[in-house]
Structure formats: structure tokens, C-alpha cells
Amino acid sequence: MVFRKLPGVSASGMGLRLSQKFVFLLFLSGLVTLCFGALFFLPDSVRLKRIFLSKTETQPVTVGSGSENDAREAHPKRAKEQERPRAVASAKGETSTKLKSLSRPPAGSHEATAARAPEDRTLPRSRTESASQRATSAARGAAAAPDTFSYRRFKGCLLKPPLGSDSGKPGDPATTERREKVKEMMKFAWDNYKLYAWGKNELRPLTRNGHVGNMFGGLRGASIIDSLDTLYIMGLMDEYNDAKEWVKSSLDLNSNGEASLFEVNIRYVGGLLSAYYLTGEEVRLIDPNSLSDGGAAPDGTSWSWGWASAGSSILAEFGTLHLEFIHLTELSSNPIYTEKVMNIRKVLNKIEKPHGLYPNFLSPVSGNWVQHHVSIGGLGDSFYEYLIKSYLMSDKTDDDAKMMYYSALEAIEANLVQKSPSGLTYMAEWRGGILDHKMGHLACFSGGMIGIGADDGAPDKRQHYLDLAAEITHTCHESYTRSATKLGPEAFRFDAGAEATATRLSDRYYILRPEVIESYMYMWRLTHDPKYREWGWEAVEALEEHCRVESGFSGIRDVYTMTVGHDNMQQSFFLSETLKYLYLLFSDDDLLPLEDWVFNTEAHPLPVVRKSCLQDEATQDKTLAE
Ligand code: DMJ
């Protein structure tokens, strides 16, 4: 899951005068803008280019309410650039997302913001707001619920305290001990990252140095951002404060390079949003309305796939923005973020689907599916996840998401779900009607996904969905128990005599991925069957035995051999997801209760948006003020 070019993300010195509070929140907005830029470059995945398509230069397809011509008239500069080879536009940085610093805020605006009650701080509408943005806002009307975000009101609309009555401390000593062990693992992973790789994206635990890579377009500190909420819920406050301090003083948005929209969104935007919602702390403030989106349809009424002259767009990438973007609208009161993701949704809802399935690749040129490869694992996975989670996060009001999710699930069941000769249920992959009897580790998240969606399915399907979720989770556990290390391979097969084992050398590795443990956590919450905690504990023991090295945790190259070779990489999602899900598995259900929180695909908790409650609270506030 890779992709796109983010030419020239420029930003700088942030307004850091928010003296008393610290933040995560709004620098997000910068990242989002960055994501906007990327939306228009979606299809240029390096991996994709390698695997699939050759370049063709064709006019891009414009979708949404406006015609292609309309869009071009409205944005002549963009239209012109679309005719150029993408690389030229990129090199010039004309299409880049630009983050404008608020380090010298216009007189009054920053101070005025800071002077407001901290819990009522909202991003001011920028003086640089474009005419089209203003028009959009106006058109949306004042009808839109409370037009400023209030942290106090948000907290008031949660059903339960986020950290529970006692930070989720389990009742029995044995589980408490297990939870403590997971916390120790987090501290160990964090301390080593801090010691050897501080500020870099990941720790290389064998060589004791940092890894930057090119996934985040020059952004640094992925492990820090990914760890914020985990540290916080575990009560590792010194570590959390160090992380917060780094975000405040060292997170540099002034970067150029290629970034993955998907990865930046799920890790940076998701991580910072989550830290803000959990703590209410503002560290850095960026006014999203002061950001130039460099050609990304600012009125939000249409969006095009821009300079995508070649390659396909990947379902799991353009389909994994919804949760974070909805929250950006919530926090900024700017509808543009929601409009963007709703347009993506509209396209996907309308387009014809083979057998009701969503193939992994869509051509930005023709607007049609490219190849009919369908997978619940890599390339497709989180698109389905974000449909059901959008529904849940909307307080069950987003009926389109609900409808799309359950129809997709029906098609998946009819075409992809299989049973092995010994009775293991698995998700095969589908290539134009031909089944590939392979299931990726990534696809193991689907046990949890089907589980959390079970209760809102048709009444006669609810038990069936819960059973299906349990069966898939069981199969994924089998993929672990059938290996020598008791860790699961990257992909396992159900053909040529294999059942839940990898048959190819290249599929035997384990890179500290969370998906299997993620499903244990959800299934534990949904059923309280103790086997899920036992399975989670087996994973802890295996991680300790095979992945823990002197200076951190490392992935391994072959789960089937006891003389393990380490890959020298402590992935940031190990801190964000694997350890968080383990910690939640051994905590009481009142730590981040599922009634109030959904986890993004990087395990960053985002709150359910209770529109009517927020509206009522806002009305009350207004009445009181009057
Ligand atoms: C994470 O970054 C996310 O879970 C993503 O959805 C898939 N890949 C990794 C973990 O395996």
C-alpha cells in the first residue's frame, strides 16, 4: 500500500505561543492539506507502477457534481497543469500542499483565540480563505450545528469517561499482571527508540540507529506520533510528555518529498487527532484555512484525479480517509474535508461492481476498475473497515456507509469466503472470478471488523456475522499455532495440501503486525470468551521470545524456524497497534469503550460524533450566554 507524490510540502515554524496547553490537533490540518494535495496525485504508487500499469497520458476524469469543463473553468490554473506531465508540475511544486505558518499570527487572531476558554478554542476562519471556500461555507449555511468546536461539549457528549473508572484496570490479578507485562514491553520499545532513534521514523534495534525511509514525504517522528495515545492510555506519562514536547518543538512540516497519503493520514493525522481528543491538549495550532491547497478543488464540489496520467488508484488508499477527514471538519467547522471524502464515497457507490465486489484498482483516467482483483487483505482491507466504522462513528446515522458495508459483505461472503477441507473458514482472493486460496496476515483484521458490525446487520444475520467473525479469528490463530515460533506468516494458503500455512519462502516473515491481535481484542470485547485473552498471551510470549532483542523489538524473517533471523526494524505500528490492542485485551472494557470510540486503521481512537447532543449543548450554551 504505497502511493503518491507530495511535492513540496512547505510549512514552518508554528505559532507556539499557546502557553498553557499543548497540542496535537491542528497541525493536523496541515497534514490534511497535504493529503488534499495527494488526493490529486493518488495513483502514482511506486509499487503499483512496478506491478501493473504503463503510463498513458490522458485527460483526467472529473467526478462530483460539476462537469470536467466546469471544474476547469473554475480552476483554470489547475486545468492547465493537468495537461502537463505530472512530473513537471510536481517538480515545480506548483501543485504542492502549502502549510502557512502561524508563527507570526495576524494581530488579534491568535491572541483572540488564546484568550477564549481553552475548551472552546476553534480555528479562526482565515483571512486567506478563498472565495470559493467562503461560498461553500455560506451555501452550507449556518444550519450546520455548532459552528465552533468545544472540547467541553465534546466531553459532555461521551457516554463514558474515556479511560474508564480506573484506567481500565482489570479485576483479577492474573490479567493485571499480563497487562503490566504489555506496558513493560511498550516502555522497552519506547525507551530504545528514544535512546537510539529519537526523531527518526522507526528504530533499527539491531544496529541501534534510526530509520527514516520515504513513506512520509520527509516527515519525521512516525514512532512518536504513533505512540502518543498508547503512552497516554498506559499511563506512561513521562514518556508521553517527552513525545508531546517533541511534537511541540521539533515536528517539522517543512519538508519536500514523496509521501504516502494513506500512511500520513492514518499515522500522523490519526495519531494527532486521537491525542487531542484524549487529552484536550493543544500543542501546535495551524489554521487550516490559511493553508493553500495548491489546486485541490477548494470549493469541494468537484474533485478530479488531477495529474494522474498513469497508474491506478488503490481502493484501500482513497477509501481510508473518511474517519480522519470527518473529524477535521468537526474540529475546524470547515465542510471541505467532509465534502472530499463524500465525493469519493459517491463515486464508489455509483460505479458498477462486478458481482457486487470492489476491485482493488480504479483507473483515474477512465473511471473504471482496472483488473478485477479483489482482496480483503492488502490493497482493499481498510476500505471495508472504514465503511462500517464510518457508520459507527456517525452515531449510526450514516446510512449510506451502512448500506455499502453490508452489501459489500454479502458479496464477499458469496464470492470470497471459503472453508478448508478441515473446516477452517478463510477469505480467499478473487481475480476476475478465479479464486486464489491465499489469505494475508493483513486480512486477519476482518474477524474484528465483521464482529463489530454484527449487531447492526439484518436481524436474521447478526448471529451469523458474529460466528463468521469468530471463525475467521480462529483461522488466523491457527496460522500462528501452526508455526514453530507461534507467530503468523505474512500470507498463508489453503491449496496444494496447505491449510493456514505459508508455502512460499517469501511469505514466511512476520513484521510485528497487529491484525490477528486486533481481532482477538474485538472478539474479547464482544464475547468475553477467555480463549481470546489466552491467544493474546500466546502472542506476547512469542513476541518476547523471538522478536525482543537487546535494544527493542524486531520483525523476523521466517516464522517456521526457531533460529530466527531478525529484520532489524521496529515498526511504528507495533507501538501504535500491536501493543495497544494487547493492552486493551487485558484491560476492562471501560478503557476506550466501543460505544464512544472507533479505532482508525492504525488503532488511533476517534470519538463517535453525536451531532444532536453537540447541537443541544451548543444551544444551551448560547441560551446561557444570552
Ligand atoms: C498498519 O499501518 C495499518 O494497520 C494498516 O491498515 C495496515 N498495515 C499496518 C499494520 O500491519
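Full extension of the segment from Lys346 to Ala484, taken as 0.36 nm per residue of separation minus the current Cα-Cα distance, would add 45.0 nm. Going by neighbour counts of Cβ atoms within 10 Å, the residues Leu206, Leu321, Leu219 line up, fewest first, as Leu206, Leu219, Leu321. Given +1 at the Cβ of Lys and Arg, -1 at the Cβ of Asp and Glu and no other charges, the dipole of the range 321-454 around its Cα centre is 240 debye to the nearest 20. Put a dot 7 Å past the Cα of Ser422, heading toward its Cβ, do the same for Asp238, and the two dots end up 4.8 nm apart.
For a Förster distance of 41 Å, can you work out the FRET efficiency between the beta-carbons of Tyr560 and Gln463, rounded to the nearest 0.05?
Values: r = 36 Å, r/R0 = 0.88.
In this case the efficiency is close to 0.70.
For the range 370-488, the gyration tensor built on C-alpha atoms gives a prolate shape. Its axis ratio a/c (a ≥ b ≥ c) is at least 1.5, and a/b is the larger of a/b and b/c. Farthest towards the positive end of the charge dipole of the range 562-626, among the residues Thr623, Tyr581, Gln570, is the Cα of Gln570, using unit charges on the Cβ of Lys, Arg, Asp and Glu. Exposure proxy shown here: for Arg431, Arg525, the number of other Cβ atoms within 10 Å sets the order, fewest to most, as Arg431, Arg525. Each residue of the range 598-609 was assigned a 3J(HN,Hα) from its phi angle through the Karplus expression (A = 6.51, B = -1.76, C = 1.60, θ = phi - 60°), giving 10, 9, 5, 6, 10, 6, 8, x, 10, x, 4, 9 Hz with x at Gly and Pro. Projecting the Cα atoms of Leu195, Thr175, Met185 onto the charge dipole of the range 161-205, computed from C-beta unit charges around the Cα centre, puts Leu195 farthest toward the positive end.
Extension gain, Ala174 to Arg548: 0.36 nm times the residue separation minus the Cα-Cα distance gives 132.4 nm. Were the residues from Glu595 through Asp400 laid out at 0.36 nm apart, the gain over their Cα-Cα distance would be 68.2 nm. Residues in the range 441-455 carry Karplus couplings, in order, of 3, 4, 5, 6, 5, 5, x, x, 4, 5, x, 5, x, 4, 5 Hz; the curve used is 6.51 cos²θ - 1.76 cosθ + 1.60 with θ = phi - 60°, and Gly or Pro positions show x. Applied to the range 265-279, the Karplus parametrisation 6.51 cos²θ - 1.76 cosθ + 1.60 on θ = phi - 60° returns per-residue 3J(HN,Hα) values of 5, 6, 8, 6, 5, x, x, 6, 4, 5, 4, 5, 5, 6, 10 Hz, with x for Gly and Pro. Spin-label model, Ala498 to Leu624: label points 7 Å out along the Cα-to-beta-carbon direction sit 6.1 nm apart. Placing a label point 7 Å from the Cα of Thr148 along the Cα-to-Cβ direction, the residues of the range 585-626 whose backbone N falls under 19 Å from that point are 614-626. Across the options His604, Gly555, Tyr522, the greatest Cα extent toward the positive end of the charge dipole of the range 488-626 (unit charges at beta carbon of Lys, Arg, Asp, Glu) belongs to Gly555.
Taking Cα centre as origin and charging only the Cβ of basic (Lys, Arg, +1) and acidic (Asp, Glu, -1) residues, the dipole magnitude of the range 436-562 rounds to 180 debye.
Does the range 456-553 come out rounded, prolate or oblate by the C-alpha gyration tensor, with a ≥ b ≥ c the root eigenvalues, rounded set by a/c under 1.5 and, if not, prolate when a/b is larger than b/c and oblate if not? Kindly include the intermediate steps, with their values, before the conclusion.
Numbers: a/c = 2.61, a/b = 1.42, b/c = 1.84.
The shape class here is oblate.
Just so you know, all these numbers are worked out from the coordinates, no wet-lab data involved. Please read these numbers as outputs of a predicted model, since none were measured by experiment. With ideal geometry, Cβ positions are generated from the backbone for all residues, glycine too; neighbour counts draw on all protein chains shown.
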